[in-house]
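Structure first, then comments.
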Amino acid sequence: MRGVLLRAASADKQVYSALLAGAVILGGLYLASIYNFLLFHTLAEIFSVIVAFAIFVLAWNSKRFIDNNYLLIIGISYLFVAIIDLLHTLSYKGMGVFPDYDADLPTQLWIAGRYVQSISLLVAPLLIGRKLNANYIFLGYLIAISLLLASIFAWQVFPVCFVEGVGLTPFKKISEYVISAILLVAIYFLFLRRNKFDKNVLRLLAASIIMTIGSEMFFTFYTGVYDIFNIIGHFLKIVAFYLIYRAIIWTGFAKPYGLLFRDLKQRGEELEASEKHYSTLVRNLADAVFKIKEGKIVWCNERVGEMYGYSCNELMGKDASFFYPTDINPAEFSGTVSAAIKRDGFFYGGTKVVGKDGKSRDIEYAIAWIPDSNPIELVAVARDITLRKRIEDALRASEEKYRSLVESLNEGIWVIDKDAYTTFVNFHMAEMLGYTVDEMLGKHLFSFMRPREIEVAKRDLERRKQGIMERHDFEFIKKDGSQIYASVSTSPILDENRNYIGALAGVQDITDLKKAEDALRQSEATYRTLVESSPDGVLSIDAEAHVIDCNGGVCRLLGYSRDEVKGKCFEEMLDGVFPDILDEYLSQLTTERGLIETEFELKRRDGQKVPVWAKIVGIRDEEGNLTRVLIYVRDIAERKKLEQLKDEFIGLVSHELRSPLTVIMGSVNTALSEAERLSREEMRQLLQDAAYETESLSHILGNLLELSRAQAQRLYLTMEPVSIRTVVR
């Protein structure tokens with residue numbers, strides 16, 4: 001603690017001494033400015049020129065040892081800044097070096113030097129870490145500064161910066177602000193790369209740039225080359241160059257590892273930390289590690305004892321061939337290892353070893369050459385894979401078992417990766433499509449499908465990626481170009497992180513079933529069309545007499561829509577006189593008969609009664625229970641009317657025939673039985689009545705005959721003129 005306090009007190013003393021010395025120097029310069037401003041200006045500028053030149057000398061001569069491009073660029077740029085500042089000093093009013101020029105020349109050189117300085121400070125942090133050629137950088141600066149000086153001295157195209165009697169031009173003032181802005185950005189970029197600098201160096205560089213900005217601000221205010229703002233600006237410039245001197249020159253000599261060799265020091269520290277890290281890592285590895293030199297074991301880690309049963313001390317100096325494969329000559333094996341290391345950089349192998357305890361273990365190992373070792377040293381890493389070997393053997397046996405099971409399935413097995421390329425098919429799947437297994441492996445799933453099926457398959461695969469299992473029917477193309485229909489049940493394959501990596505599909509050939517379904521569907525469509533086009537009504541009712549379905553004939557007959565009929569109780573459609581008849585019909589269908597033909601009346605939607613002929617058919621399940629009833633109904637209203645007309649016609653005809661026959665029979669019987677008592681006049685009257693009625697009967701029979709011919713379409717009419725007068729008469 002005391003040492004720390006002493007060092008802190010010593011550091012404070014050094015700081016106070018430096019501040020006191022700086023104050024004395026600046027005070028002396030101020031007195032010089034009062035005595036002779038030209039002397040003050042020359043001393044201030046020469047200080048900055050010396051510092052800038054020293055920075056160049058340090059950076060240029062240490063460029064082979066440093067990796068920090070910042071120092072290299074600053075060093076080269078400050079050489080040319082020193083040249084411009086020296087010309088600025090020599091061209092100052094009163095020096096007499098450039099008599100043909102006025103006060104504008106030193107002001108132009110000042111602005112040119114500050115632009116070079118600020119842009120270099122801005123660019124330098126951006127080039128840290130890049131591979132640069134110092135000679136090319138120097139040449140670039142040489143060309144640029146030469147052109148810049150030529151624009152001032154030779155071509156005289158550099159903008160005017162100072163006018164005698166007027167003062168600074170707008171260009172000069174604006175340039176000072178621009179330079180200050182560039183320096184602010186340079187500080188920002190410097191702090192972005194702060195990990196590349198020592199903390200003290202970084203603070204000194206930032207302070208130097210800030211002082212330079214302050215100097216530029218004061219140089220925007222003066223109107224004469226000898227006024228107070230000019231003096232303050234030069235003081236701040238002196239401070240800025242002193243700070244950069246402390247950051248680069250003093251640090252470079254006093255603490256070179258903080259600047260010149262900082263990267264080298266960091267790499268050394270990192271290398272030492274890395275060595276400790278990897279040493280600890282190797283010592284605690286789960287694998288056995290050997291270091292072999294000239295065929296002898298010279299080092300090993302603790303894991304060797306657990307794996308082989310020997311301690312490290314027992315193995316030191318032991319011939320490395322003890323862990324070589326037992327079925328190979330050690331000399332031949334050493335040659336094989338050497339050839340593999342020269343060719344590939346390492347040798348990988350495996351063997352069985354017997355440990356000190358007599359147990360056999362499966363070992364895999366890798367041998368590699370340690371670079372830059374002389375004589376050659378090898379490192380061997382051995383791993384006990386006995387348990388893994390047992391697991392692999394068990395997995396292999398399990399795989400063979402399940403592979404045999406998969407190959408013996410009557411169902412096709414198809415495995416695809418996440419991009420739908422085939423990774424496995426069993427023999428039955430390949431045979432189903434007419435390929436060999438090898439012909440299908442590696443092919444895309446869609447190459448076995450028709451274009452119209454591919455879009456469906458794409459959507460199906462997207463659902464698999466979401467972990468959804470489904471079954472779909474697809475149409476596949478066989479090798480011979482024919483097609484099969486298959487029912488595909490697909491399951492996603494996920495990794496341990498639940499990411500989709502493929503799919504497994506079970507495929508069944510349903511071509512025959514598909515054809516049967518199509519035939520059944522076509523047959524169903526045919527019969528449905530027949531039923532729908534039938535003029536008769538067809539109803540399907542359940543065992544509770546509720547309508548399941550009906551055709552259009554029922555709707556036309558009763559005036560309902562199909563939706564209105566569905567679900568309706570059939571009893572509601574019967575005329576109110578017959579509510580018990582349906583129960584009787586259902587009872588007959590259940591107990592005795594499977595078909596009933598009958599007639600009854602149905603009620604239309606408008607309440608009218610419709611006589612129908614009906615055929616009732618019962619449908620039973622496998623156990624013989626009545627599950628559904630089909631009722632075929634036919635409208636017989638017209639037939640009923642015809643039957644009524646026929647009955648009326650027959651009654652009328654019977655009456656018309658019976659009347660003349662009664663007269664004829666009565667007259668003939670009277671004439672026969674009473675002939676002896678009847679007079680001649682009475683007899684003639686009886687026969688005349690019989691003849692009259694006979695003629696009337698003949699006329700009726702003739703009309704019936706004509707009617708019969710008309711119904712049989714055998715009545716032919718003869719068209720001829722008729723005298724209406726005669727007919728009327």
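The values are calculated or read from the model by the stated rules, or taken from the named source; none is laboratory data. Note that this is a predicted model, so its numbers are computed, not measured. Heads up, the Cβs are rebuilt from the backbone with ideal geometry, glycines too, and the neighbour counts pull from every protein chain shown. When the accessible area is computed, the model is the full protein with side chains, heavy atoms only, and any ligands, DNA or RNA have been set aside. Shrake-Rupley method; radii C 1.70, N 1.55, O 1.52, S 1.80 Å.
Computed from the C-beta positions of residue 694 and residue 653, the FRET efficiency with R₀ = 25 Å rounds to 0.90.
A protection proxy built from the mean count of other Cβ atoms within 10 Å ranks the segments 232-241, 157-166, most packed first, as 232-241, 157-166.
Using Cβ point charges alone (K and R +1, D and E -1), the dipole size of segment 85-141 about the Cα centre works out to roughly 420 debye. In this simple spin-label model, placing a label point 7 Å from the Cα along the Cα-to-Cβ direction at both residue 126 and residue 661 gives a separation of 13.6 nm.
Computed over Cα pairs, the Kirkwood radius of segment 689-729 leads via Stokes-Einstein (1.306 mPa s, 10 °C) to a diffusion coefficient of 126 µm² per second.
Projecting label points 7 angstrom from Cα along Cα→Cβ for residue 615 and residue 436 puts them 6.2 nm apart. Peptides 716-722, 287-293 ranked from most to least packed, by the mean per-residue count of other Cβ atoms within 10 Å: 287-293, 716-722. Distant-in-sequence amide contacts of residue 385, defined by a placed amide H-H separation under 5 Å and a gap of 5 or more residues or a different chain, comprise 362, 363, 364. Note on residue 181/residue 154: beta-carbon distance plugged into 1/(1 + (r/R0)^6) with R0 of 41 Å gives a FRET efficiency of 0.85. Considering only protein heavy atoms and a 1.4 Å probe, what is the carbon-and-sulfur percentage of the accessible area of segment 82-179? Carbon and sulfur together cover 68 percent of it. Using a cutoff of 8 angstrom between alpha carbon atoms and counting only pairs six or more residues apart, the relative contact order for segment 593-729 works out to 13 percent.
Distance from a point 7 Å along Cα→Cβ of residue 447 to each backbone N in segment 474-510: keep the residues under 16 Å and list them by number. Only 477-481 pass the distance filter.
Under 16 Å from a label point set 7 Å out along the Cα-to-Cβ vector of residue 483, the amide N atoms of segment 449-463 belong to 449-457. For a modelled paramagnetic label at residue 100, 7 Å from Cα along Cα-to-Cβ, the residues of segment 145-177 in reach, with backbone nitrogen under 12 Å, are 153-156. For residue 508 and residue 368, the difference between the fully extended length at 0.36 nm per residue and the C-alpha to C-alpha distance is 45.0 nm.
Note on residue 646 and residue 683: the model spin-label points, each 7 Å out from Cα along the C-beta direction, lie 4.8 nm apart. Taking a straight Cα-Cα cut-off under 25 Å and skipping sequence neighbours fewer than 8 places away in the same chain, the lysines within cross-link reach of residue 291 are 276, 318, 342, 352, 356, 359. From most to least packed by mean Cβ count within 10 Å, the peptides 342-353, 84-95 give 84-95, 342-353.
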